[in-house]
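See below for the structure under consideration.
The values are calculated or read from the model by the stated rules, or taken from the named source; none is laboratory data. Keep in mind it's a predicted model, so treat the numbers as computed, not measured. Neighbour counts run over all protein chains shown; Cβ positions are idealised from the backbone, glycine included. Just the protein is used for accessible areas: all its heavy atoms, side chains included, with ligands, DNA and RNA removed. Shrake-Rupley method; radii C 1.70, N 1.55, O 1.52, S 1.80 Å.
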Amino acid sequence: MKMHSVEKIGGTSMNDFSAIRDNVILKSTQNNTLYQRIFVVSAYGGITDQLLEYKKSGKSGVYALFANGVKDDSWLDALENLRNYIFSINKSLFSDDILLEKANKFIGKRLNDAERCLKDLQRLCQHGHFALDMHLATVREMLASIGEAHSAWNMTQLLKQEGINTCFVDLTGWQSPCHISLDDRIIQAFNTIDLSKQLPIVTGYAHCEKGLMSSFDRGYSEITFSRIAVLTEAQEAIIHKEFHLSSADPKLVGETNAVPIGRTNYDVADQLANLGMEAIHPKAAKGLRKNEIPLRVKNTFEPDHAGTLITGNYVSDKPCVEIIAGCKGIYAVELFDQNMAGNIDSYDKEVLAILHRFKSHPIGKDTNANTITHYISTNLKTIKRIRQALEDKFCEAHINQQKVAIVSVVGSDMQVPGMLAKAVQALAEQNISILAVHQTMRQVEMRFIVSEDDYEKAVKNLHRCLVEVHDHGQAICLAS
């Protein structure tokens with residue numbers, strides 16, 4: 001393993017260049033040098049939403065407008081609005097008029113190329129022999145790459161102004177003559193870089209023959225980050241976020257009550273990712289874990305704090321509740337059929353095929369002799385389609401849906417007798433009805449399904465009961 005680190009900067013952090021410069025770039029932890037580091041950057045916060053679709057609200061961006069209306073030019077208006085927004089970001093970053101002109105020219109050319117490609121494709125698909133659906137995955141890849149190219153190019157130039165020998169590493173494959181694998185693209189890019197005296201600023205999007213977006217959707221930048229760390233044999237991988245990986249959401253439990261976790265393992269990180277609270281994408285974590293590369297999650301705005309270190313073999317000294325996590329806006333889809341008894345595997349296979357067809361994200365499921373309940377993170381429109389497909393497939397079944405919230409108690413080792421009872425009691429004290437509960441034999445997570453109205457109250461009370469009453473060290477441990 002070599003002496004360098006690979007560090008990823010999240011989109012919200014990217015919006016504050018001064019903080020990135022002062023708290024991350026100029027505050028090196030690697031052998032008192034500005035170098036021996038590789039920075040993988042996300043697009044500025046909100047840019048990928050405008051390019052594709054808004055992650056939280058589902059509002060259409062350029063891609064979604066283009067995909068849903070081949071004869072509709074509303075995507076052009078969205079692209080022009082995006083162009084204006086990008087130029088406004090550039091104006092806020094570059095005080096030098098010449099450099100501002102260069103920045104606008106660089107990203108403007110990519111936007112022009114993308115617009116020309118989409119117009120050509122739109123015209124082509126008006127002919128009966130060409131179907132738009134066959135090209136949408138490529139369109140999504142192309143548009144996604146623009147955000148990271150913009151932010152990486154800008155940061156390279158801004159840091160050069162500070163006297164740092166940066167180099168722009170463009171993995172987007174823009175106008176590349178051939179399709180190659182992700183690993184080959186990374187290896188080719190770093191073959192000629194001397195990390196002892198160059199600071200690479202790398203696009204979080206990397207073009208490859210299989211397509212990052214097709215395989216990992218919005219988690220693509222973490223995959224790029226992970227593969228660079230593995231292929232360059234990094235000493236440590238670091239993610240800079242706008243918050244600590246804390247014992248709960250400070251906005252819910254209070255900033256004085258939430259504490260940074262300090263230490264945990266990749267198993268816990270996987271549980272968080274399944275809830276949509278990604279410390280890192282599970283497929284990205286797999287490569288780091290396999291190659292024994294530790295991952296550190298740091299708060300961009302607290303540079304002197306060590307953050308949370310995630311490793312493969314860590315287990316807390318005492319049984320610990322490390323985090324109270326969860327998510328709202330989940331749909332519980334319950335299928336009951338008396339004929340299911342003794343044949344549940346066949347039913348579940350058919351249900352999963354339908355969920356896969358509609359590209360929904362199942363977070364978990366419960367089963368008994370004649371009932372399967374899936375908990376799905378998607379929108380109401382998709383849920384209605386899923387329900388109709390289930391009703392068509394299982395004409396004798398009773399199908400119910402309900403909007404719920406999931407609250408999870410997570411830790412690297414929670415094998416404490418009575419912990420589940422204590423958590424249930426904490427919820428009962430607040431008159432919170434538990435709709436379902438789940439715990440595996442690994443005992444790294446206890447999951448409670450509650451109504452959406454009870455979500456915040458459940459998080460607060462579980463945190464109060466399982467975290468706040470105990471002393472806080474590097475981990476949050478339950479007293480024996």
| message | Of everything in segment 313-360, what is farther than 23 Å from His398 by Cβ, in contact (Cβ under 8 Å) with a residue 40 or more places away in the chain and open to solvent by 50 Å² or more (accessible area, probe 1.4 Å)? Give them in sequence order. | response | Asn313, Val315, Asp317, Lys318, Lys328
| said: Among the residues in segment 426-436, are any open to solvent by 10 Å² or more (accessible area, probe 1.4 Å), part of a helix (DSSP H, G or I) and modelled with pLDDT of 90 or more? | reply: yes
| Counting just the residues of segment 346-397 that are assigned to a helix (DSSP H, G or I) and β-branched (Val, Ile, Thr), which one comes out nearest to Thr440 (Cα to Cα)? | Val351
| said: Looking only at segment 24-60, filter to residues that are under 23 Å from the mean Cα position of the chain (by Cα) and on the phi > 0 side of the Ramachandran plot; which one of those is most open to solvent (accessible area, probe 1.4 Å)? | reply: Gly58
| query | Among (1) buried (at least 18 other Cβ atoms within 10 Å of the Cβ); (2) of a type in the set (Gly, Ala, Ser); (3) modelled with pLDDT under 95; (4) touching a helix residue (DSSP H, G or I) at 6+ places or on another chain (Cβ under 6 Å), which single condition is Ser74 missing? | reply | (1)
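Return yes or no: is Ile239 open to solvent by less than 20 Å² (accessible area, probe 1.4 Å), touching a Gly at 6+ places or on another chain (Cβ under 8 Å) and at pLDDT 90 or above?
Details: open to solvent by less than 20 Å² (accessible area, probe 1.4 Å): yes; touching a Gly at 6+ places or on another chain (Cβ under 8 Å): yes; at pLDDT 90 or above: yes.
In short, yes.
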| Qualifying residues in segment 129-177 (those that are part of a helix (DSSP H, G or I) and of a type in the set (Ser, Thr, Tyr)) - the one surrounded by the fewest Cβ atoms within 10 Å (Cβ to Cβ) | Thr138
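Among the candidates Pro200, Pro260, single out the residue that is more than 16 Å from the chain's Cα centre (by Cα) and within 24 Å of Met142 (Cβ to Cβ). If you could, list the steps in order and put the result at the bottom.
On the way: Pro260 fails: within 24 Å of Met142 (Cβ to Cβ).
It is Pro200.
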| task | Would you check if Arg21 is surrounded by fewer than 18 Cβ atoms within 10 Å (Cβ to Cβ), within 24 Å of the chain's Cα centre (by Cα) and assigned to a helix (DSSP H, G or I)? | result | yes
| said: Is it the case, given these coordinates, that Ser215 is open to solvent by 30 Å² or more (accessible area, probe 1.4 Å), small (Gly, Ala, Ser) and farther than 15 Å from Ala284 by Cβ? | reply: no
| said: Looking at segment 244-257, can you tell me whether even one residue there is open to solvent by less than 10 Å² (accessible area, probe 1.4 Å) and not hydrophobic (A, V, I, L, M, F, W, C)? | reply: yes
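Name the single residue, out of those in segment 378-421 being of a type in the set (Gly, Ala, Ser) and at pLDDT below 90, that is least open to solvent (accessible area, probe 1.4 Å).
From segment 378-421, those of a type in the set (Gly, Ala, Ser) are 389, 397, 405, 408, 411-412, 418, 421; that's our starting set.
Pick out the ones that are also at pLDDT below 90 and you get 412, 418.
Working: Ser412: 14, Gly418: 47 Å².
So the residue we want is Ser412.
Considering segment 107-128 alone, what residues qualify as being more than 19 Å from Asn90 (Cβ to Cβ), open to solvent by less than 30 Å² (accessible area, probe 1.4 Å) and not in a loop (DSSP other than H, G, I, E, B)?
Within segment 107-128, Leu118, Leu121, Gln122 meet the criteria.
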| said: Of the conditions (1) modelled with pLDDT under 95; (2) hydroxyl-bearing (Ser, Thr, Tyr); (3) within 19 Å of Met277 (Cα to Cα); (4) in a helix (DSSP H, G or I), Tyr455 satisfies every one except a single condition; which number is it? | reply: (1)
| Residue pairs meeting the criteria (Cβ under 8 Å; at least 6 apart or on separate chains; first within 22 Å of Tyr331 (Cα to Cα), in segment 427-439; second at pLDDT 95 or above and in a loop (DSSP other than H, G, I, E, B)) | Leu427/Ile434
| Residues of segment 89-106 classified as open to solvent by 40 Å² or more (accessible area, probe 1.4 Å), farther than 21 Å from Asp49 by Cα and not aliphatic (A, V, I, L, M), total | 6
| message | Condition first: more than 23 Å from His361 (Cβ to Cβ), not polar (S, T, N, Q) and not in a helix (DSSP H, G or I). Can you find one or more residues in segment 214-233 that meet it? | response | yes
